[in-house]
Amino acid sequence: MSKTHPRSVTLSLKKHLRAKGVVSVGDGFTACTASVPVKIQRRISGNWKSVGSTTTDASGSYSKKIKDKPGKYRAKATKVVLNNGVDICLGDTSPARTHKH
């Protein structure tokens, strides 16, 4: 039987556009926070488009430099299955953040 681990992802935008954040897991199962693929997305013409991707470090933090364009951004951590399906790290999307010049 598999066990699901709920995750959350945060996003903050720094000047000259660096996307930073943390992936955390509610139940403390740290395998769901390290080496997590994170997509940085920007809202373009009503759709979310990937503008960068990165991977979290051992503590769940990530940082990615992206093109400095105004608009709405979000971070998305995709669902990952570990240990031959025993553990399922659920996906999550950060709240949208607006970047202005």
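The values are calculated or read from the model by the stated rules, or taken from the named source; none is laboratory data. From a predicted model like this one, the values you see are computed outputs, not experimental measurements. Neighbour counts run over all protein chains shown; Cβ positions are idealised from the backbone, glycine included. What goes into the accessible areas is simple: the full protein's heavy atoms, side chains included, and nothing from ligands, DNA or RNA. Shrake-Rupley method; radii C 1.70, N 1.55, O 1.52, S 1.80 Å.
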**Q.** L11, sole failed condition from (1) in contact with a strand residue (DSSP E or B) (Cβ under 7 Å, 6 or more places away or on another chain); (2) free of Cβ contacts under 8 Å to residues at least 60 places away in the same chain; (3) open to solvent by less than 50 Å² (accessible area, probe 1.4 Å)
**A.** (2)
Q: Exactly one condition in (1) surrounded by fewer than 17 Cβ atoms within 10 Å (Cβ to Cβ); (2) touching a strand residue (DSSP E or B) at 6+ places or on another chain (Cβ under 6 Å); (3) of a type in the set (G, A, S) is not met by S59; state its number.
A: (2)
